[in-house]
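The values are calculated or read from the model by the stated rules, or taken from the named source; none is laboratory data. Fair warning: this is a prediction, and the values are worked out from it, not measured in the lab. All Cβ positions, glycine included, derive from the backbone under ideal geometry; neighbour counts span all protein chains shown.
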Amino acid sequence: MEIERGFKFQPFWVLIVGFGGLFLIYKFYSQLFTPVLFKPVNLLVLPVPVLIAWVVLPMMLKMLTGRPAIELTDDAFINNFTGRAVPWDNIAEIHLKKGGVRSSGSLVINLKQPELYFNNFLRRLLYKIKQAFTANDIAIPTDLISGDAEGILLAINAFRARHAGEA
């Protein structure tokens, strides 16, 4: 039995989020320094379009160029949401976290040595802030991946079991 090695981005949601993000960036920067509307409070919302440009737009470009959201190789689990490759022997646990009414949840990956992936000051700071709210190391929203969440988890665990025995 051949295990699927790549899971594509879900085009509908990625395009909706991507174009919505582009629209928000446009609206924000078109009115940021308008003399009538300029208020110091405008600078407080500056991180919103920056985060959209940092996270959503690269994800949209990867989807449009045909790169899968998740790749399973012989050496590592590649998360193309963030561009990180995690070796199979550093993954402690992979499970599904159920979502609410509007979400199918997320694929949660807990690492044995998370400090290897959060090695500069900004990544370490963002990781510590995230750890204040959740104990999960990496969470990938399953709404943005094509396919059934349970099927994706089964394929990943089968691939992991096969390659963990070889290491």
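Per this entry, Gly6 is counted among residues that are modelled with pLDDT of 75 or more and out of contact with any helix residue (DSSP H, G or I) (no Cβ under 8 Å at 6 or more places or on another chain).
Within the set Ile94, Ile152, Ile70, Ile140, the sole residue that is in contact (Cβ under 8 Å) with a residue 60 or more places away in the chain and over 30 Å from Leu22 (Cα atoms) turns out to be Ile94.
Of the residues making up the stretch 68-86, those that are modelled with pLDDT of 85 or more and either surrounded by 15 or more Cβ atoms within 10 Å (Cβ to Cβ) or within 30 Å of Ser30 (Cβ to Cβ) (or both) are Pro68, Ala69, Ile70, Glu71, Leu72, Ala76, Phe77, Ile78, Asn79, Asn80, Val86. Pairs are defined by a Cβ separation below 6 Å, a sequence spacing of at least 6 or placement on different chains, a first member in the stretch 113-127 that is more than 17 Å from Asn90 (Cβ to Cβ), and a second member that is of a type in the set (A, V, I, L, M) and in a helix (DSSP H, G or I); no pair meets this definition.
Within the stretch 132-155, being more than 16 Å from the chain's Cα centre (by Cα) and either basic (Lys, Arg) or outside any loop (DSSP other than H, G, I, E, B) (or both) holds for Ala132, Phe133, Glu150, Gly151, Leu154, Ala155. Among the residues of the stretch 87-102, those that are within 16 Å of Pro141 (Cβ to Cβ) and at pLDDT 85 or above comprise Ile94, His95, Leu96, Lys97.
Residue-wise test of (1) under 25 Å from Gly66 (Cβ atoms); (2) surrounded by 18 or more Cβ atoms within 10 Å (Cβ to Cβ); (3) among the basic types (Lys, Arg).
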{"site": "Leu107", "(1), (2), (3)": "yes, yes, no"}
{"site": "Phe118", "(1), (2), (3)": "no, yes, no"}
{"site": "Leu126", "(1), (2), (3)": "no, no, no"}
{"site": "Thr134", "(1), (2), (3)": "no, no, no"}
{"site": "Ala139", "(1), (2), (3)": "yes, no, no"}
{"site": "Ile145", "(1), (2), (3)": "yes, yes, no"}
{"site": "Asp148", "(1), (2), (3)": "yes, no, no"}
{"site": "Gly151", "(1), (2), (3)": "yes, no, no"}
